[in-house]
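Here the structure comes first, spelled out in structure tokens, and everything after it is commentary.
Each value in this text was obtained by applying a stated rule to the coordinates, not by laboratory testing. Everything numeric here is computed off the predicted structure, so don't read it as measured data. Neighbour counts run over all protein chains shown; Cβ positions are idealised from the backbone, glycine included.
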Amino acid sequence: DLYLRGVCLFAAAAAAAKPGQKRRYLRHGRKLLATIQKWQSQGNLNVRHHAALLTAEDLTSRGKWDEAKQSYESAIVGASRGGFLHDAAIANERYAYSLLGGDAPRNIDSARFHFGEAKRLYVEWGSMVLAND
């Protein structure tokens, strides 16, 4: 699934210690984002929240915190309204990590809330393994 691969690539970029690795992960993540945005522009409404989350991850990697916040929230709302519980959980989890990591302005209370939402959604979706991580 391109979407999950993109999430993993952006997460790996955020955790990469070496600049070369980070650039490589971001380059591949951005290619997948472009593909998903193309699908969205062709009328595939089911990928709108995918594009929003990957856009948020990309904006976070560029230090554009305010724009990233809007994209994370759009991904969470879009996935929730569409009934994609697992995607809403992933978006909440990734948003929480972005609030704690890198050069982002830290917001521990908001991160705690989004981790809690991710856990609740993973349980509702039926994934106890992910909920207990």
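Worth a mention:
- Residue within the range 51-71 that is under 19 Å from residue 121 (Cα atoms) and in contact with a Phe, Trp or Tyr (Cβ under 9 Å, 6 or more places away or on another chain) present: yes
- For the range 20-27, the count of residues that are in contact (Cβ under 8 Å) with a residue 24 or more places away in the chain and either under 20 Å from residue 82 (Cα atoms) or within 16 Å of the chain's Cα centre (by Cα) (or both) is nonzero.
- Among residues of the range 64-81 that are over 9 Å from residue 52 (Cβ atoms), those with a beta-carbon under 6 Å from a residue that is of a type outside the set (Phe, Trp, Tyr) and in a helix (DSSP H, G or I) at least six positions away or on a different chain give the pairs 67/59; 68/56; 68/59; 68/60; 80/88.
- Within the span defined as the range 107-117, one or more residues are farther than 26 Å from residue 17 by Cα, buried (at least 18 other Cβ atoms within 10 Å of the Cβ) and among the charged types (D, E, K, R).
- From the list 106, 81, the one residue that fits, being basic (Lys, Arg) and over 23 Å from residue 127 (Cα atoms), is 106.
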